[in-house]
2 protein chains.
Amino acid sequence: MTTQKGFDPHAFRAALGTFTTGVTIITTRAADGEMVGITANSFNSVSLNPPMVLWSLAKNARSLAIFSNAKHWNVHVLSVDQEELSGRFARQGEDKFAGLELDEGISKAPLLKQCTARFQCRTAFSYDGGDHVIFVGEVLAYDHSDLPPLAFQSGQYALTARKPREELRLGATPPPECNYTEDLLGYLLGRAHYQMLHALGQLLNTQALDERSFFILSVLSIRDRLSLEELNAFIAYTGMVASEESMAALEASQLVATESEDGVVRYVMTADGREASLRQIALAKAVEEDMADKLGAGDAMALKLLLKRLIASSDPGMPDLWSAR
Amino acid sequence: MTTQKGFDPHAFRAALGTFTTGVTIITTRAADGEMVGITANSFNSVSLNPPMVLWSLAKNARSLAIFSNAKHWNVHVLSVDQEELSGRFARQGEDKFAGLELDEGISKAPLLKQCTARFQCRTAFSYDGGDHVIFVGEVLAYDHSDLPPLAFQSGQYALTARKPREELRLGATPPPECNYTEDLLGYLLGRAHYQMLHALGQLLNTQALDERSFFILSVLSIRDRLSLEELNAFIAYTGMVASEESMAALEASQLVATESEDGVVRYVMTADGREASLRQIALAKAVEEDMADKLGAGDAMALKLLLKRLIASSDPGMPDLWSAR
């Protein structure tokens, strides 16, 4: 850590950006009826009684005169699904409100839908803040939904992973001095994966499919009519191998059938197999919904995002299961 | 979403809390030399030129008079490792600075170490903000480290998971209409797990251990001298079974030895086995560090946190590998 006394705006911005924020859109209506809205992360709460919030706007912003003259404005705390909207209101020169349905608010300021929270305000104070004006508004009405909020950190959108108040330990007791701890990512990924399979297995037990058969059917449900070699290319990353014997067992259960083409045997799903696979996916989604409920919707989204980033960064070159042939 | 016009402070706070923030500690020194510090999440940037930031303090705070009279104060953006410090500075009636090493700043205001970012400020304005005072400070010096920042949302501490600018798709092309998609948590967990094992396998290939042997040795490295039944209780969740034959193979490789006690055969690690296991763990940590580098330290922590929460909430009742006997 070295102290910067020079004010390179880029470096100063980078330091400020480490402070995580939510993302808001703030809207108002000009005297001539024009609707105005901008994306801002300078929002914050100020006062509980009277209820007040604040945000700041650059003095050179095109909308400064309109916000300065407006009595009312609305703050919308954006949800994770409103990233596109955030981008749209951060840009200039387009009709930002095109195609947006609006709610009826207590003032004429536009009130957007599907937000995490909304605060309808009347300007209480506007203060000098260097190259910005600080608007402090009295909150006249507010509402809030269960939609997980979008966050912003160091110039990137972000999701949040909430920490429980108590330290989260999987073991009932702290581990002794031991090199292999529950904090190893590999252990956590493995255990999470196997517990997920276990939960699914409990639901699948009428079908008595082993893990390998589950993977084989999953691949065939996405991409049918594969040779044994092609099939194995898709499941190789699991360390499992589909043999002719394992395929014969699936054939005997009438989940898979074979076709010959140019001397190559190709496996196709039967109607029964397709039905079994649809049932599996429905069960997998049920397990997943249950987990998402337990984690919370925003946290479940964050987990998926991080797993995707991990997979993308550690991909050993897997064939793309979903690509066109 | 229903609009609340009544101002139940609890409900209003809940709506405000949906706006994600970082966590700061703001410090100053009283005229009599007393050091003062409070935890605040009402911090925000205001102006780039001149560089200014703001935060607000309750008018009934014990420290209001001191901050109002102080010329200088420091804002510390806390890192994920400073959660304890956040709690300490949020409480009253203890010597908050006890045991803390301080850095030398440009004023006499205490400057804490190991933060994500720090801003050394001189009060530029203080404004009325309802039941709070808004302090606007000119930033005289600042610095920032690579430590991932702590976040706060809806009354809980949180970590952040950054979203890439572009939509993250694992497949090269969007999937066709298909029930089984790459967005299934079960798919993502499985693929992440197997890719991690694959990366480890690349490093382990001189040892030619299969996945089952890897799990068996991992368990024995934590908890030695297990009967076959006890061993299987610890790896049952993986769906794998340690048989007498698989143990005999590990014995033949001189990684494991047997002892008989009251007629029960117990498996113990040999010196070779322990060495192989230490090598495995070192390699697993190397794979993990590589992944953490690619994700970023804060994101890797968020991933582990979410996996732990998932595991804790879906635990089918596994025996505790690390507990005392």
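Quick rundown of the values:
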quantity: Amide H contacts of B:L48 (H built 1.01 Å from N, under 5 Å, at least 5 apart or other chain); calculated: A:D131
quantity: Trypsin sites (Lys or Arg not before Pro) restricted to DSSP loop in segment B:97-162 with at most 12 other C-beta within 10 Å; calculated: none
quantity: Rh by Kirkwood over Cα pairs, then Stokes-Einstein D for segment A:185-314 at 0.890 mPa s and 25 °C, µm²/s; calculated: 152 µm²/s
quantity: Angstrom value of the Kirkwood radius, inverse mean 1/r, which spans all Cα pairs in segment A:98-139; calculated: 12.3 Å
quantity: Among A:A276, A:A192, A:A124, residue whose mean-square fluctuation peaks in a GNM of chain A (springs only between Cα atoms under 10 Å); calculated: A:A192
quantity: Karplus (6.51, -1.76, 1.60) ³J(HN,Hα), θ = phi - 60°, over segment B:55-65, in Hz, Gly and Pro reported as x; calculated: 7, 10, 10, 4, 5, 9, 5, 4, 8, 4, 4
quantity: Position B:E166, label points 7 Å along Cα→Cβ, spacing to each other copy in nm (shortest first, one decimal); calculated: 4.5
quantity: Highest-fluctuation residue, B:L307, B:L159, B:L112 considered, GNM on chain B with Cα pairs under 10 Å; calculated: B:L307
quantity: Ratio of Rg to Rh over the protein assembly as shown (Cα coordinates, Kirkwood Rh, two decimals); calculated: 1.04
quantity: Charged-residue dipole, Cβ positions (Lys, Arg, Asp, Glu), segment A:185-314 about Cα centre, Debye nearest 20; calculated: 620 debye
quantity: Amide proton proximity set for A:A117, modelled H, under 5 Å, gap of 5+; calculated: A:V77, A:S145
quantity: Label-to-label distance, nm, for residues given as B:L102 and B:A271 (7 Å Cα→Cβ offset); calculated: 5.5 nm
quantity: About the Cα centre, charge dipole magnitude for segment B:1-141 (Lys/Arg +1, Asp/Glu -1 at Cβ), debye; calculated: 280 debye
quantity: Cα centroid separation - segment B:222-255 against segment A:92-129, whole Å; calculated: 63 Å
quantity: Value of relative contact order over segment B:185-314, rounded to a whole percent, pairs C-alpha under 8 Å and six or more apart; calculated: 23 percent
quantity: Net length gained if the chain between B:D32 and B:H10 were fully extended (0.36 nm per residue, minus Cα distance); calculated: 4.2 nm
quantity: Cβ neighbours within 10 Å from other chains - mean over A:149-157; calculated: 6
quantity: Rg(Cα) / (2.2 N^0.38 Å) computed for segment B:40-166, rounded to two decimals; calculated: 1.09
quantity: Label 7 Å beyond Cα on the Cβ vector: B:Q114 copy-to-copy distances, nm; calculated: 4.4
quantity: Debye log10 I(q)/I(0) for chain B, one point scatterer per Cα, at q = 0.09 Å⁻¹; calculated: -0.73
quantity: Simple Cβ-charge dipole of segment A:233-277, Lys/Arg +1 and Asp/Glu -1, about Cα centre, in debye nearest 20; calculated: 160 debye
quantity: Amide H partners (placed H, <5 Å) of A:S42, local residues excluded; calculated: A:S56
quantity: Value of [θ]222 nm, deg cm²/dmol, for chain B, DSSP H segments ≥ 4, -39500 (n - 2.57) each, nearest 500; calculated: -11000 deg cm²/dmol
quantity: Farthest positive-ward along segment A:185-314 dipole, Cα basis, beta-carbon charges - from A:L188, A:Y267, A:A282; calculated: A:L188
quantity: Spatially close lysines, pair count over segment A:12-163: Cα under 20 Å, gap of eight or more or interchain; calculated: 4
quantity: Label point 7 Å beyond Cα along the C-beta direction, distances from A:S260 to other copies (nm, shortest first); calculated: 5.7
quantity: Per-residue ³J(HN,Hα) for segment A:299-312, Karplus 6.51 cos²θ - 1.76 cosθ + 1.60, θ = phi - 60°, Hz, x for Gly and Pro; calculated: 5, 5, 5, 4, 4, 4, 4, 5, 5, 4, 5, 5, 4, 4
quantity: Calculated FRET efficiency for the pair A:E289/B:D315, C-beta based, R₀ 22 Å, to 0.05; calculated: 0.75
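No lab work stands behind these numbers, since they all come straight from the coordinates. It should be emphasised that the depicted structure is a prediction, and the values quoted were computed from it without experimental measurement. Cβ coordinates were reconstructed from backbone atoms using ideal geometry, including for glycine residues, and neighbour counts include every protein chain displayed.
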